[in-house]
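The values are calculated or read from the model by the stated rules, or taken from the named source; none is laboratory data. Not measured: the values here are computed from a predicted model. Glycine also receives a Cβ, built like all others from the backbone with ideal geometry; neighbour counts cover every protein chain displayed.
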Number of protein chains: 2
Amino acid sequence: MPSDDPRGSERDIARALIADTRVARLATVNPGLGVDVVPVTFALLDGGEDAPERIVTAVDHKPKSTTRLRRIRNISEHPDVTVLIDHYENDWERLWWVRLRGRARIEAAGPVFEEAVDVLVDRYEQYERHRPVGPAIVIAVEEWTTWQARP
Amino acid sequence: MPSDDPRGSERDIARALIADTRVARLATVNPGLGVDVVPVTFALLDGGEDAPERIVTAVDHKPKSTTRLRRIRNISEHPDVTVLIDHYENDWERLWWVRLRGRARIEAAGPVFEEAVDVLVDRYEQYERHRPVGPAIVIAVEEWTTWQARP
């Protein structure tokens, strides 16, 4: 993508900001209660020539309470999700956030599931001993938005 | 509230967990796009005898872009919101999150607005020089949920 493409620039700034951040928050529509939001691990999967980048997360090995699986039910009914990755510190001149909107798919097996889990295991040493069992949530990113207190 | 009241216990655990945390994420329903989620400063306001506790946040002095005010529009149309306060670190045995669900009201002036801004200024030294201009979002908490990796 040419560097003077504003969408490309926004995406590149966002990618640089989130590279070292280990936690995101995934917001989904809960048809009964309004909105759910949970902290998640995440990784990026590059898109193809005509395919968008994807952000992936997975249900890991921890006991899966009702709460932890609710995001899966929510996405099945309403696949439009929002992911927030932000930085907080006491110096408010250094705050930033990146917001991704996209369409989520649940992948419980197959090559896309395996690719998603592989990039998560690559990114988090904690997964080396306990590979996430899944399912994975694979979000095709449709909109990148960044905000920085001091650009 | 008696200490053997399970709702009281959950709330007390949650209050202890979030006491030293400075940032929350506020999720709102966006009628057009699904869900929005933004990082926010927050403080608790005690409830009365029959009134629930409230969690408050405010639009502060920074330039108010469309994005920053969208939460206000969302709440006007759909007041049921979810607030997530969580802790992340590399030792996943120490993870926790607290989720609050409640009904939000926009307060742009008057005693509730002033009370909300006062508790925010008390909690954040950054607001001492720049008192938030508002409006404030005041959320009557209807549900406290806590999760800890190692209770």
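Would you pick out the residues in segment A:5-44 that are of a type in the set (D, E) and within 14 Å of chain B (Cβ to nearest Cβ)?
Listed by number, the residues that qualify are A:E10, A:D20, A:D36.
Any residue in segment B:12-25 that is within 12 Å of B:R123 (Cβ to Cβ) and assigned to a loop (DSSP other than H, G, I, E, B) sitting within a Cβ distance under 9 Å of a residue that is at pLDDT 95 or above and among the β-branched types (V, I, T)? List the pairs, counting only those 6 or more apart or interchain.
These pairs meet every condition: B:T21/B:I85; B:T21/B:V98; B:R22/B:T41; B:V23/B:V40; B:V23/B:T41; B:V23/B:I85.
For the subset of segment B:66-92 comprising residues that are at pLDDT 95 or above and acidic (D, E), which member is nearest to A:T146 (Cα to Cα)?
B:D86
Among the candidates A:V98, A:V121, A:V117, A:V133, which residue alone is β-branched (V, I, T) and more than 23 Å from A:A16 (Cα to Cα)?
Matching residue, one of A:V98, A:V121, A:V117, A:V133: A:V133.
A:W147: under 24 Å from B:T82 (Cα atoms), within 14 Å of chain B (Cβ to nearest Cβ), modelled with pLDDT of 90 or more and over 14 Å from the mean Cα position of the chain (by Cα), yes or no?
yes
So how many residues does segment B:98-120 have that are away from chain A (no Cβ under 14 Å) and either surrounded by 14 or more Cβ atoms within 10 Å (Cβ to Cβ) or hydrophobic (A, V, I, L, M, F, W, C) (or both)?
12
Does A:E89 satisfy the criteria of being facing another protein chain (nearest Cβ under 10 Å) and surrounded by fewer than 15 Cβ atoms within 10 Å (Cβ to Cβ)?
Yes: the conditions hold for A:E89.
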